[in-house]
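What follows is a set of notes on a single structure, which appears directly below.
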Amino acid sequence: MAPKAMTHRPHWLKPSAVVDLRLVELGIRPAFRTETNAPVNDADIGRWARRRSLYFCRDAQDFVVFAKTPLLVRYIMTIDRSPGDHVARLGHWLGYPACCIRSARRITESNLDLWSERVAARRHIGNYACTKTGGYRAGRAMISHIPCSPHCRASLVMATKVSERHRTVSARPWAARN
């Protein structure tokens, strides 16, 4: 079962970004990229990010990168705005498992959504059920990348870390951040 959202989600942030934010706040991933889903100014994004000790950068198409360091934010945005296929470089700097990056690179960026649906439709058996990404768009998944397969060990390790760290924070409610 996926953990409940750990933080309040502002109206301009997609529900799926809660999954990414959780991974960054728990130190499992270094950064995340999302798109705003409502009008918001940079000052509001900046206040929200600072409360979480994050830096941000937004482009003209309303894509936003959040990370713990300003250099990483700008580097990821530069990669994202660069021409050509940048799935592997972006995946690496966003902290996705290497095996999943290789699979995404083979699939190509234009086919990622279709591939995501196919992987999500396959059976994830036993412990690997926590690597299923079907609830990602609603903010109810343990991982935010497309696993290379329903039995991806690296994705299982990442999902297990989320579960363990979430359980630790839940056991200490005074340590939770608003």
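The values are calculated or read from the model by the stated rules, or taken from the named source; none is laboratory data. Owing to the predicted nature of the structure, the values given are computational and were not obtained by experimental measurement. When we count neighbours, we look across all protein chains shown, and the Cβ atoms used for this are built from the backbone with ideal geometry, even at glycine.
Right, residue 65: buried (at least 16 other Cβ atoms within 10 Å of the Cβ), at pLDDT 95 or above and among the hydrophobic types (A, V, I, L, M, F, W, C) or not? Spell out how you get there, then give the answer.
Numbers: buried (at least 16 other Cβ atoms within 10 Å of the Cβ): yes; at pLDDT 95 or above: yes; among the hydrophobic types (A, V, I, L, M, F, W, C): yes.
Yes, satisfied.
Being crowded, with 21+ Cβ neighbours inside 10 Å, among the polar types (S, T, N, Q), under 23 Å from residue 24 (Cα atoms) and touching a Phe, Trp or Tyr at 6+ places or on another chain (Cβ under 9 Å) narrows it down to one of 155, 116, so name that one. First the steps, then the outcome.
Working: 116 fails: crowded, with 21+ Cβ neighbours inside 10 Å.
That would be 155, the only listed residue that is crowded, with 21+ Cβ neighbours inside 10 Å, among the polar types (S, T, N, Q), under 23 Å from residue 24 (Cα atoms) and touching a Phe, Trp or Tyr at 6+ places or on another chain (Cβ under 9 Å).
What's the number of the only condition in (1) surrounded by 14 or more Cβ atoms within 10 Å (Cβ to Cβ); (2) in a helix (DSSP H, G or I) that residue 111 fails to meet?
(1)
Looking only at the stretch 115-166, count every residue that is farther than 21 Å from residue 17 by Cβ and assigned to a loop (DSSP other than H, G, I, E, B) and tell me the total.
Counting residues in the stretch 115-166 that are farther than 21 Å from residue 17 by Cβ and assigned to a loop (DSSP other than H, G, I, E, B) gives 9.
Name every residue in the stretch 36-55 that is over 17 Å from residue 67 (Cβ atoms), of a type in the set (A, V, I, L, M) and in contact (Cβ under 8 Å) with a residue 12 or more places away in the chain, in order of residue number.
Result: 38, 40.
What number of residues within the stretch 110-142 are touching a Lys or Arg at 6+ places or on another chain (Cβ under 9 Å) and β-branched (Val, Ile, Thr)?
1
When both residues are 6+ apart or on different chains and their Cβ atoms are under 7 Å apart, which pairs have a first residue that lies in the stretch 18-35 and is in contact (Cβ under 8 Å) with a residue 40 or more places away in the chain and closer than 18 Å to residue 8 by Cα, and a second that is outside any loop (DSSP other than H, G, I, E, B) and among the basic types (Lys, Arg)?
26/165
Within the stretch 37-44, does at least one residue satisfy the condition of being surrounded by 15 or more Cβ atoms within 10 Å (Cβ to Cβ) and not in a loop (DSSP other than H, G, I, E, B)?
Here is the first cut: in the stretch 37-44, the ones surrounded by 15 or more Cβ atoms within 10 Å (Cβ to Cβ) are 40.
Those left that are additionally not in a loop (DSSP other than H, G, I, E, B): none.
Checked the stretch 37-44: no residue is surrounded by 15 or more Cβ atoms within 10 Å (Cβ to Cβ) and not in a loop (DSSP other than H, G, I, E, B).
Output the residue which, of all residues in the stretch 119-149 that are β-branched (Val, Ile, Thr) and over 19 Å from residue 29 (Cα atoms), is surrounded by the most Cβ atoms within 10 Å (Cβ to Cβ).
The first filter runs over the stretch 119-149 and keeps only residues β-branched (Val, Ile, Thr), leaving 119, 125, 131, 133, 143, 146.
Then keep just the ones that are over 19 Å from residue 29 (Cα atoms); that gives 119, 125.
Numbers: 119: 22, 125: 9.
Here the residue is 119.
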